[in-house]
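Report on the structure given below.
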């Protein structure tokens, strides 16, 4: 989506969560928008990698190949996403966002591993 549409979407969400920010003494809309956008980056990639982990494990099992495929998704998806943004009017690809996306993705992989371990434990008891 264009920069204008993206900003409009962010503004709508800021309007919804403004009371939460206000509870913590934050009244600056720029700060709220920044926090929401960066949190969205992190969470989107956490969810992506939870789903990718489950998919890759279903296809390849717990093999080295599955880890290679997962690593390729973890690195390439944020790079491609930010690269595409450089082609959209009003948007810019940010190296910092790639790193933030990768941090969210790593968190997602760790969550998926923890869920998998928990499910294994439950099935053995």
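Every number here is computed from the coordinates shown, using simple stated rules; none is lab data. Everything numeric here is computed off the predicted structure, so don't read it as measured data. Here the Cβ is made from the backbone with ideal geometry for all residues, glycine too, and neighbour counts use every protein chain on show.
Tabulated data
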item	result
Residue that is assigned to a loop (DSSP other than H, G, I, E, B) and surrounded by fewer than 17 Cβ atoms within 10 Å (Cβ to Cβ), where the choices are 26, 43, 79	26
Some residue of region 60-74 being free of Cβ contacts under 8 Å to residues at least 60 places away in the same chain, under 14 Å from the mean Cα position of the chain (by Cα) and either in a helix (DSSP H, G or I) or closer than 19 Å to residue 105 by Cβ (or both)	yes
Matching residues, region 82-92, being part of a helix (DSSP H, G or I) and loosely packed, with under 14 Cβ neighbours inside 10 Å	83, 84
Qualifying position, being over 23 Å from residue 89 (Cα atoms) and surrounded by 12 or more Cβ atoms within 10 Å (Cβ to Cβ), among 18, 37	18
Residues of region 1-15 satisfying the condition of being surrounded by 13 or more Cβ atoms within 10 Å (Cβ to Cβ) and either within 19 Å of residue 93 (Cβ to Cβ) or touching a strand residue (DSSP E or B) at 6+ places or on another chain (Cβ under 6 Å) (or both)	3, 6, 7, 9, 10
